[in-house]
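The structure appears below as structure tokens.
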Amino acid sequence: MARSPDLTAAELRVMKALWEVGAGTVAEVRAALGRRGQELAYTTVMTLLGRLATKRAVAVDKSREPFVYRPAHRRESVLRDRLREFVREVFDGQAASLVLNLVEDESLSRDELRAIERRIALAERGAAPAKDLSKDMTKDAGKDRDKK
């Protein structure tokens, strides 16, 4: 699959809502945004989906009305590309610097630190990760935040 397109913050929010619904009309994507606490006008969502279609971030089924939009890229691929760009731009390509900053940031819970440790241990053994780290970290999110 091709590299994911550059997305604005607003476009990324729309993509997240679209990944949540899988495929949907402007109204369905707008409703998903609303459930995420991001109220946008119908025409704004329509404009953003149009831009995403131009960037080939979404596929549009125009054979029926209302049109149905579907993500053209997997969530994991887009987030991975954005993270790589962030590391390149903010940390001069030094991923270790990012990780050290995260670990030293006292806002991480014990569960989040354990999830990072598990992922590092898997990487050192050369084992492929069984699941998305963010899911691993959020599974027990906040479970022991008060214990810090």
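Values in this text are rule-based calculations from the coordinates and carry no lab data. For clarity, every value in this text was computed on a predicted model and none was experimentally measured. Heads up, the Cβs are rebuilt from the backbone with ideal geometry, glycines too, and the neighbour counts pull from every protein chain shown.
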| request: Which order do the peptides 106-112, 87-93 take when ranked by the mean count of other beta-carbon atoms within 10 Å per residue, highest first? | output: 106-112, 87-93
| said: Per residue of the range 66-83, what does 6.51 cos²θ - 1.76 cosθ + 1.60 with θ = phi - 60° give for ³J(HN,Hα)? Whole Hz please, x for Gly and Pro, Karplus curve as stated. | reply: x, 4, 10, 9, 9, x, 8, 10, 5, 3, 4, 5, 5, 5, 5, 4, 5, 5
| task | Rounded to whole Hz and in sequence order, give me ³J(HN,Hα) for the range 28-45 from the Karplus expression 6.51 cos²θ - 1.76 cosθ + 1.60, θ = phi - 60°, writing x for Gly and Pro. | result | 5, 5, 4, 5, 5, 4, x, 5, 8, x, 10, 6, 10, 5, 3, 5, 5, 5
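Sorted by average packing, counted as other Cβ atoms within 10 angstrom per residue and highest first, what order do 12-18, 28-34 take? Can you show the working numbers first?
On the way: 12-18: 21.4, 28-34: 19.6.
Per-residue mean Cβ counts within 10 Å order the peptides as 12-18, 28-34.
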| note | Sorted largest first, the C-alpha extents of the range 1-97 along its principal axes in whole angstrom are 47, 30, 19
| Just how large is the dipole of the range 1-121 about the Cα centre, in debye to the nearest 20, putting +1 at every Lys and Arg Cβ and -1 at every Asp and Glu Cβ? | 560 debye
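Let me check I've understood the local charge: for residue 85, count other residues with C-beta under 13 angstrom from its C-beta, Lys and Arg +1, Asp and Glu -1. What total comes out?
Details: positive: 3, 80, 82, 84, 88; negative: 6, 81, 89, 92.
Residues close to residue 85 contribute a combined charge of +1.
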| remark: Among 83, 47, 122, the residue whose Cα sits farthest towards the positive end of the charge dipole of the range 19-136, when +1 is placed on the Cβ of each Lys and Arg and -1 on the Cβ of each Asp and Glu, is 47
| field | Whole-Hz ³J(HN,Hα) from phi, Karplus 6.51 cos²θ - 1.76 cosθ + 1.60, for the range 5-12, glycine and proline x | value | x, 5, 10, 6, 4, 5, 5, 5
| remark: Spelling it out for residue 68: with amide H atoms placed in the peptide plane at 1.01 Å from N, the residues 5 or more places away or on another chain with amide H under 5 Å from its amide H are 61
| Tally Lys/Arg at +1 and Asp/Glu at -1 over every other residue whose Cβ is under 12 Å from the Cβ of residue 28; what's the total? | +2
